[in-house]
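Visitor: Please see the structure below; I have some questions.
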Amino acid sequence: MITKTTGGSPRIGIIGGGAWGTALATAVRRAGCAVTLWAREAEVVEAINQRHENTVYLAGVALDPDIRATAELAEAARADVLLLVAPAQHTRRLSLDLAPCLEPGTALVICAKGVETGSGLLMSEVIAETLPGVPAAVLSGPSFAAEVARDLPCALTLAATDMALAERLA
């Protein structure tokens, strides 16, 4: 289990306010974690905070009112674990933007699939270049955002080169 912060639930920051990021926010909130979701789009932040629904990317799925959305990357980065859920082609830029915001010991879970255009690097290789020394894992699986958000049966796989990190995150 993720180590709890003093006096509360584990803090999970989710970087990416699309359907997948929103679905993962619902799952980690159901697990009892404090969730802050970063979205670039002001309308997504407003919809999540005011209507408790991501009307842009995951319409029709009610969100826990304790899921907090922000347009401030540094606010979402104040977490025990960060889920990087932005599209693959934005991973490098976002990880560079996140670098000065990360607290020591923050673990990163890469939730984007794909290969970086131009370099041919996997997302884990991009993170190794841009955030050296940051403990990282990869989350993937045959699932759909709406299924995860609605707590329907699905399968996900968490992979990490550090077994202790994988066990802590799982």
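The values are calculated or read from the model by the stated rules, or taken from the named source; none is laboratory data. The structure presented is a predicted model; accordingly, all values stated were derived computationally and were not measured. With ideal geometry, Cβ positions are generated from the backbone for all residues, glycine too; neighbour counts draw on all protein chains shown. The protein model used for the area step is the full one, side chains on, heavy atoms only, and it has no ligands, DNA or RNA in it. Shrake-Rupley method; radii C 1.70, N 1.55, O 1.52, S 1.80 Å.
Visitor: What length, rounded to one decimal in nm, is gained on full extension from Ala166 through to His90, with 0.36 nm per residue of separation minus their alpha-carbon distance?
Guide: Computed gain between Ala166 and His90 is 24.9 nm.
Visitor: Could you work out how much longer the chain between Leu152 and Arg51 gets when fully extended? Use 0.36 nm per residue separation minus the Cα distance between them, nm to one decimal.
Guide: 34.1 nm
Visitor: Given a 1.4 angstrom probe, what's the average accessible area per residue across the stretch 33-170, in square angstrom?
Guide: Solvent-accessible surface per residue comes out at 51 Å².
Visitor: Using only protein heavy atoms and a 1.4 Å probe, report how much of Ser119 is accessible, in Å² to the nearest 10.
Guide: Ser119 has an accessible surface of roughly 60 Å² with all protein chains in place.
Visitor: Percent relative contact order of the chain, based on C-alpha pairs within less than 8 angstrom and at least six residues apart?
Guide: Worked out over the chain, it gives 22 percent.
Visitor: Now for a separate question. Given points 7 Å out from each Cα along the Cα-Cβ axis, report the Ala31 to Ala159 separation in nanometres with one decimal.
Guide: In this crude spin-label approximation the distance works out to 1.9 nm.
Visitor: Taking amide H positions as placed in the peptide plane 1.01 Å from N, state which residues far from Leu108 in sequence (5 or more) or on other chains have amide H under 5 Å from it.
Guide: Leu82, Ala136, Ala137
Visitor: Also, quick follow-up: Over the chain, with every protein chain in place, what whole percent of the accessible area is carbon and sulfur at 1.4 Å, could you tell me?
Guide: 56
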